[in-house]
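Below is one structure; the comments refer to it alone.
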Amino acid sequence: MAISCSLPVTLDSDTNLFLMGLAPMAVNPARQNKGIGSQLARAGIEECRALGAAGLVVLGHPKYYSRFGFSPSANFGIKSKYDGAPEVFMVLELSAEVFAGKAGIISFHSSFARL
Ligand SMILES: CC(C)(COP(=O)(O)OP(=O)(O)OC[C@H]1O[C@@H](n2cnc3c(N)ncnc32)[C@H](O)[C@@H]1OP(=O)(O)O)[C@@H](O)C(=O)NCCC(=O)NCCS
């Protein structure tokens, strides 16, 4: 089994930005390392792009998500509202320089708390 989901998130320094969070994502351990996670990640990114999202955030393993273009949110002065090691919170710009000069705090959609 594999799950993948994306939900809107809000950046407090520019609440008009249409941003999405790629989470949660998981692949059954018995099925891992067969490319399923990569297909889910790429499909999720393209779906969010098609919806018109200007950027994405993800909470996960830096080495894994960097292969899809994500970089540490700290590079832009952006943090998650929730506790956690800063290096596991990452962003991907779908529109050029969408996060430049937008230091702030990301909040996840309230639906996320119910997942
Ligand atoms: C992360 C996860 C979704 C990857 O799924 P997957 O189907 O195994 O991914 P793929 O087969 O596409 O990719 C496997 C590659 O990712 C790497 N990888 C997997 N987990 C990793 C991790 N935690 N850190 C770094 N690399 C990781 C593997 O080493 C492998 O590398 P390779 O391509 O160089 O051999 C899966 O490991 C998982 O469900 N983990 C538990 C839940 C989780 O952490 N989700 C992410 C946060 S929401």
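Taken over region 1-38, the criterion of being touching a helix residue (DSSP H, G or I) at 6+ places or on another chain (Cβ under 9 Å), among the β-branched types (Val, Ile, Thr) and surrounded by fewer than 16 Cβ atoms within 10 Å (Cβ to Cβ) is satisfied by ILE3 alone.
If you check ILE106 against the conditions, is it surrounded by 12 or more Cβ atoms within 10 Å (Cβ to Cβ), within 16 Å of the ligand (Cβ to nearest atom) and part of a strand (DSSP E or B)? Spelling it out, ILE106 is indeed surrounded by 12 or more Cβ atoms within 10 Å (Cβ to Cβ), within 16 Å of the ligand (Cβ to nearest atom) and part of a strand (DSSP E or B). Taking region 1-90 as the region of interest, the strands (runs of 3 or more DSSP E) fully inside it that hold 1 or more residues being touching a Leu at 6+ places or on another chain (Cβ under 6 Å) and within 15 Å of the ligand (Cβ to nearest atom) are 2-11, 19-27, 55-59.
The numbers here are math on the coordinates, done by the rules we state, and not lab data. Everything quoted here is computed from the prediction, not taken from an experiment. Reconstructed Cβ throughout: ideal geometry from the backbone, glycine too, with neighbour counts over all protein chains shown.
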